[in-house]
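Please treat every number below as a calculation from the coordinates, not as lab data. Note that the structure is a prediction, hence the values are computed from the model and not measured. Quick reminder, even Gly has a Cβ in these numbers, built from the backbone with ideal geometry, and neighbours come from all protein chains shown.
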Amino acid sequence: VFRPPSLDGHLGLVRLDGPAGSEQRVVEFLQTAASAADARELQIREVRLDERRHWWVRFDDGLTLSLGRENVGYRLAQFFRVYPSLVAQPARRPERIDMRYAHGFAVRWREPAAQGTAAHEVKMQEKV
């Protein structure tokens, strides 16, 4: 593990995190995800593969995406397919999206501080 003495000048870099030996997988995942994110004007800030092999992505707007460990490519594609409809209303933005469900996904919406946050499950229409 390399830790620079200062992060000044490196704040725009994507944070990559994963178990020892997963470096190549994490970089390859970032390359795949970043190309799709760029097309939607999203900036990835963090890619994490945890000890249980669960994938997480955090974007520059604070959105956290949970992809799980199975069918990750499919789940990532589904996220990018539905993302435009999730951000269509500027007053209502997702805070966290959990793509681990077989027939849909869960969204936690950002709410004004006085109202708190709530999680809602959203049913996806399969388009194959």
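Farthest toward the positive end of the dipole of segment 15-123, out of Val26, Ala36, Val82, is the Cα of Val82, where the dipole comes from beta carbon charges about the Cα centre. Electrostatic bookkeeping for Arg40 treats Lys and Arg as +1 and Asp and Glu as -1; over the other residues with beta carbon under 13 Å from its beta carbon, the sum is -3.
Beta carbons within 10 angstrom, averaged per residue: use that to sort the peptides 53-60, 89-96, highest first. Walk me through the numbers on the way to the answer.
Values: 53-60: 17.6, 89-96: 12.4.
With the highest mean Cβ count within 10 Å placed first, the list reads 53-60, 89-96.
Taking 7 Å steps out from each Cα toward its Cβ at His103 and Leu13 produces label points 4.5 nm apart. Using 0.36 nm per residue and subtracting the Cα-Cα separation, the extra length available between Arg69 and Arg93 on full extension is 6.1 nm.
Beta bridges assigned by DSSP with both partners in segment 15-123 are antiparallel in approximately 75 percent of cases.
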